[in-house]
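Structure first, then comments.
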Amino acid sequence: MAFQILLNIGLAIIWMLLRQDFSPVEFLIGYVVGLGLLFVLRRFLQFNFYFRRVIAIFKLISMFLWELILANIEMVKIVLSPKLDIQPGIVAVPTKLKTDWEVTLLSSLISLTPGTLSMNFSDDGKTIFVHSIHVPDKEEMIKQIHNTFEKAIMEVTQ
């Protein structure tokens, strides 16, 4: 991936040299042209297109921000309700993530979301124990974590 980024920057610089214009706009145009060239040549050079991972990172960030907003709204509803009608619980969330970095990122995203907290890991690192302030359905919570955070992390890292 780093080689592709450097190659793309080199193509942008070559574009600026050929156009004899060293403005940031020409660099951006050259970068986009280089991006298109790398996309076309990805089949011949036998590599995964790096911009796919960049898009996946932006998807992960935007998905986390959306989940953060939804969790904040839920917390406001709980705090402002006149009757405390919550069902706290601890849920064991199995994960398909392979590396320690991926599992740590998942637990961090869970902990940063209001109302949830990653408490502990299993000995093999394949299960995260999550405390939530309101868990009406444990299976639904596990399914939501798998379909949001875990899926987005897998798109970025694999």
>> Taking 0.36 nm per residue of sequence separation and subtracting the Cα-Cα distance, how much length would be gained by fully extending the chain between Leu84 and Thr99, in nm to one decimal?
In response: 1.5 nm
>> On the principal axes of its Cα set, how long, how wide and how thick is segment 2-45? Give whole Å, largest value first.
In response: 31, 18, 14
>> Where in the chain is the longest stretch that carries no trypsin sites (Lys or Arg not before Pro) classed as loop by DSSP and with at most 16 other Cβ atoms within 10 Å?
In response: 1-82
> List the chymotrypsin sites (Phe, Trp or Tyr not before Pro) in segment 1-98 that DSSP assigns to loop (not H, G, I, E or B) and whose Cβ has at most 11 other Cβ atoms within 10 Å. Which are they?
Replying inline: Phe22
>> Connecting C-alpha atoms closer than 10 Å in a GNM of the chain, tell me which of Leu70, Leu45, Leu106 has the biggest fluctuation.
In response: Leu45
>> Taking only complete DSSP H runs, can you tell me which helices of the chain stretch 20 Å or more along their own long axis by Cα positions and average at least -0.5 on the Kyte-Doolittle scale?
In response: 2-19, 24-45, 50-80
> What residue among Leu28, Leu38, Leu112 has the largest mean-square fluctuation in a Gaussian network model of the chain, using Cα springs under 10 Å?
Replying inline: Leu28
> Using alpha-carbon pairs under 8 Å, 6+ residues apart, how would you state the relative contact order of segment 22-127 in percent?
Replying inline: 23 percent
>> What are the extents of the Cα atoms of the chain along their three principal axes, in Å, largest first?
In response: 69, 38, 20
>> Across segment 1-81, what fraction of all alpha-carbon pairs, as a whole percent, falls in each successive 10 Å bin from zero upward?
In response: 17, 30, 21, 14, 11, 6, 1
> Of Leu70, Leu11, Phe49, whose Cα points farthest to the positive end of the dipole of the chain (charges on the beta-carbon: +1 Lys, Arg; -1 Asp, Glu; origin at the Cα centre)?
Replying inline: Leu11
> Taking the simple approach of a point 7 Å from Cα along Cα-to-Cβ for both Asn120 and Met63, what is their distance in nm?
Replying inline: 2.9 nm
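No value in this document is a laboratory result; all are computed from the given coordinates. Please read all numbers here as calculations on a predicted model, not as lab measurements. As a convention, Cβ positions derive from the backbone with ideal geometry for all residues, glycine included, and neighbour counts pool all protein chains shown.
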